[in-house]
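I have placed the structure first, in the form of structure tokens, so that the comments after it can refer back to it.
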Amino acid sequence: MANITLKAVRKSFGSFEVIKGIDLEIRKGEFMVFVGPSGCGKSTLLRLISGLEEITSGDLMFDDARVNNVIPSERGIAMVFQSYVLYPHMKVYDNLAFGMKLGKRDKSEIDTRVRKAAEMLQIDHLLDRLPRQLSGGQRQRVAIGRAIVRDPRVFLFDEPLSNLDAALRVATRLEIAKPHHDMNDVTMIYVTHDQVEAMTLADRICVLRDGVVEQVGTPAELYEKPNSVFVAGFIGSPK
Ligand code: ADP
Ligand code: MG
């Protein structure tokens, strides 16, 4: 069953059209990776799915419900951005708990969730530290943890590793794949520039070009049968 369906989705900023009619189904539990050149609309697409931006026309469906006008906090989505924004004055524990405190959960449930997420991401020994006392990779794991504790149905990642160095990128990539393995039916939508990241993480890759979908398929399908030179340039040959 499709978890997220985009039907003829368009988005303009003023008279400037950025998303130019996208039809796409993202399945429940799928790890979908978006790739495409800078400026092609990847971040905008994530913002439309999360509800941070309103779509100009078309339909956005979660399961069978149209969510065009549903506010972000009601969509059951968590986003992790490239520049992780942790609260500098709060310990790791409180950074993790913060998003849940805004909702209506009791203290012991919050505590259980924080500790479970911290364990999953191997940051359970860092709960008493402040963000400035962490490495870049540890901070990024806290940012991911903050998404996990909210138990979202859908994770959106916008180039979450591009600020990390190569070795840390590989290690943190594994952490990112974890919730997908450990949480039932969680759907991941992940934007990256990095071909290796796309090939290793994705169930399917969606190649975007100038606001439209150029091709969607498994890494093997795109690698073996790119339907254009453009796709081959992105997937078929290492950059
Ligand atoms: P990508 O993430 O693929 O690099 P973006 O989705 O960030 O691309 O941007 C796609 C295009 O939309 C770019 O030309 C960008 O300048 C433009 N854009 C994005 N957000 C806005 C905005 N709020 N107002 C005007 N133009 C925007
Ligand atoms: Mg972007």
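The values are calculated or read from the model by the stated rules, or taken from the named source; none is laboratory data. Note that the coordinates shown come from a computational prediction; the quantities given were computed from them, not determined experimentally. Positions of Cβ are generated from backbone atoms using ideal geometry, with glycine treated the same way; all protein chains shown enter the neighbour counts.
Numbers for the structure displayed
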| read-out | value |
| --- | --- |
| Region 29-40 residues that are in contact (Cβ under 8 Å) with a residue 60 or more places away in the chain and more than 13 Å from Phe230 (Cα to Cα), paired with ones that are within 9 Å of ligand 2 (Cβ to nearest atom) and part of a strand (DSSP E or B) (beta carbon under 7 Å, 6 or more apart) | Phe34/Val191 |
| Scope region 1-44; condition under 30 Å from Asn184 (Cα atoms) and among the charged types (D, E, K, R); matching residues | Lys7, Asp23, Glu25, Arg27, Lys28, Glu30, Lys42 |
| Candidate set from region 50-62 (those that are more than 12 Å from ligand 1 (Cβ to nearest atom) and of a type in the set (A, V, I, L, M, F, W, C)); member that is nearest to Lys28 (Cα to Cα) | Phe62 |
| Only one of Val92, Val33, Val18 that is more than 15 Å from ligand 1 (Cβ to nearest atom) and at pLDDT 95 or above | Val92 |
| Candidate set from region 146-193 (those that are of a type in the set (Val, Ile, Thr) and away from ligand 1 (no atom under 16 Å from the Cβ)); member that is farthest from the chain's Cα centre (by Cα) | Val170 |
| Filter pass, Lys7 being within 16 Å of ligand 2 (Cβ to nearest atom) and among the charged types (D, E, K, R) | no |
| Pair list, Cβ under 6 Å, 6 or more apart: region 122-136 residue under 10 Å from Asn95 (Cβ atoms) and hydrophobic (A, V, I, L, M, F, W, C), other residue assigned to a helix (DSSP H, G or I) and at pLDDT 95 or above | Leu127/Val92; Leu127/Tyr93 |
| Candidate set from region 17-58 (those that are within 12 Å of Leu6 (Cα to Cα) and among the small types (Gly, Ala, Ser)); member that is farthest from ligand 2 (Cβ to nearest atom) | Ser57 |
| Subset tally (residues that are free of Cβ contacts under 8 Å to residues at least 60 places away in the same chain and either outside any strand (DSSP E or B) or charged (D, E, K, R) (or both)) for region 12-28 | 3 |
| Some residue of region 143-160 being more than 19 Å from Gly76 (Cα to Cα), in contact with a Pro (Cβ under 8 Å, 6 or more places away or on another chain), assigned to a helix (DSSP H, G or I) and not hydroxyl-bearing (Ser, Thr, Tyr) | no |
| Cross-chain or 6+ apart pairs with Cβ under 9 Å, region 156-167 first and within 13 Å of Leu45 (Cβ to Cβ), then away from ligand 1 (no atom under 16 Å from the Cβ) and assigned to a helix (DSSP H, G or I) | Leu156/Ala147; Phe157/Ile144; Phe157/Ala147; Phe157/Ile176 |
